[in-house]
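The values are calculated or read from the model by the stated rules, or taken from the named source; none is laboratory data. Fair warning: this is a prediction, and the values are worked out from it, not measured in the lab. Here the Cβ positions follow ideal geometry from the backbone for every residue, glycine too, while neighbour counts run over all protein chains shown.
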Ligand code: SF4
């Protein structure tokens with residue numbers, strides 16, 4: 001069935017109005033950088049939060065909360081001052097899913113050393129995501145950024161190969177995966193309207209691949225946007241192109257709101273009467289349509 005763009009647009013707007021409130025930020029890892037005012041802290045906390053943004057929100061927050069408590073009122077300044085032994089902070093650093101405690105120590109040591117080598121001005125990492133001409137070139141720019149971190153982590157580790165946990169944390173530069181966590185970081189840094197920060201000026205919102213997490217993958221299937229079964233870098237680009245038809249300048253506008261449908265409303269992409277009947281997307285949802293005949 002062809003997509004009714006006007007209807008979809010109007011339902012997405014309803015969703016945006018519903019979730020465009022500060023108290024919904026607690027359901028998302030963006031709640032961590034939202035606590036800071038200094039752009040240097042926002043960027044540092046955003047990158048750390050996005051790299052660990054896999055798993056459910058409760059686990060992510062359970063791991064990151066003590067980390068940011070340990071890093072004090074200015075994580076940027078704390079990491080800039082860090083010695084190699086981390087003797088005075090990050091006492092509560094733990095295991096997180098695929099990362100051992102040692103992986104996490106290596107990551108934060110590396111992060112501190114990288115910050116110590118950069119000029120103390122915002123933005124810190126935008127130039128590492130753009131080429132010599134200041135251009136962002138999509139997936140390959142993200143791969144170059146991953147390679148940068150890969151090399152830095154190897155230096156700290158003193159080995160030619162990363163552990164599984166560290167490789168997972170930054171992703172494989174050569175992988176054709178959606179690179180969701182770094183696309184999400186870019187969304188936070190580039191978009192300059194709610195809930196994002198707009199710290200990067202040389203990358204445009206319509207250049208960022210769509211951050212394809214599992215909630216979004218299910219949703220875009222049941223909204224009839226794609227019938228693809230697997231999602232990689234190509235799909236992240238195609239989904240972004242789809243949303244450009246609705247908002248050419250800002251195709252990631254609805255990403256935060258769409259993810260609330262899975263996280264808050266507990267959409268499982270299957271018909272559940274109590275959830276689906278009150279869902280703002282039911283009129284454009286194929287699952288709802290086939291279950292109810294509407
Ligand atoms: S109608 Fe149900 S299945 Fe469809 S998007 Fe809403 S909650 Fe999910």
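Counting only helices (runs of 4 or more DSSP H) that fall entirely inside the stretch 216-294 and contain at least 3 residues that are crowded, with 21+ Cβ neighbours inside 10 Å and either away from the ligand (no atom under 15 Å from the Cβ) or assigned by TED's automatic domain parsing to the domain that holds residue 142 (or both), the qualifying elements are 233-244.
Scanning the stretch 82-115 for residues that are part of a helix (DSSP H, G or I) and surrounded by fewer than 19 Cβ atoms within 10 Å (Cβ to Cβ) yields 101, 102, 105, 113. When residue 123 is tested against (1) under 18 Å from the mean Cα position of the chain (by Cα); (2) modelled with pLDDT of 95 or more; (3) in a helix (DSSP H, G or I), exactly one condition is not met: (3).
Only a single criterion out of (1) crowded, with 18+ Cβ neighbours inside 10 Å; (2) more than 15 Å from residue 188 (Cα to Cα) is not satisfied by residue 21, namely (1). Looking at 162, 118, just one residue is free of Cβ contacts under 8 Å to residues at least 24 places away in the same chain, part of a loop (DSSP other than H, G, I, E, B) and within 14 Å of residue 103 (Cα to Cα), and that residue is 162. Across the stretch 170-186, the number of residues qualifying as surrounded by fewer than 24 Cβ atoms within 10 Å (Cβ to Cβ) and at negative phi comes to 9. Applying the set (1) in contact (Cβ under 8 Å) with a residue 24 or more places away in the chain; (2) surrounded by fewer than 13 Cβ atoms within 10 Å (Cβ to Cβ) to residue 131 leaves exactly one unmet item: (1). Taken together, 12, 8 contain a single residue that is in the same structural domain as residue 281 (by TED's automatic domain parsing), in contact with a helix residue (DSSP H, G or I) (Cβ under 6 Å, 6 or more places away or on another chain), assigned to a helix (DSSP H, G or I) and more than 21 Å from residue 72 (Cβ to Cβ), which is 8. In the set 55, 62, only one residue is over 20 Å from residue 194 (Cβ atoms) and either outside any helix (DSSP H, G or I) or not assigned by TED's automatic domain parsing to the domain that holds residue 197 (or both); that residue is 55.
So in the stretch 165-191, with the set limited to residues that are within 15 Å of the chain's Cα centre (by Cα) and in a loop (DSSP other than H, G, I, E, B), which one is nearest to residue 15 (Cα to Cα)? This residue is 191.
Inspect all residues belonging to the stretch 65-75 and state whether any of them is assigned by TED's automatic domain parsing to the domain that holds residue 227, in a helix (DSSP H, G or I) and within 21 Å of the chain's Cα centre (by Cα). Scanning the stretch 65-75 turns up no residue that is assigned by TED's automatic domain parsing to the domain that holds residue 227, in a helix (DSSP H, G or I) and within 21 Å of the chain's Cα centre (by Cα). So in the stretch 40-64, with the set limited to residues that are buried (at least 17 other Cβ atoms within 10 Å of the Cβ) and more than 13 Å from the chain's Cα centre (by Cα), which one is nearest to residue 173 (Cα to Cα)? Among them, the one singled out is 44.
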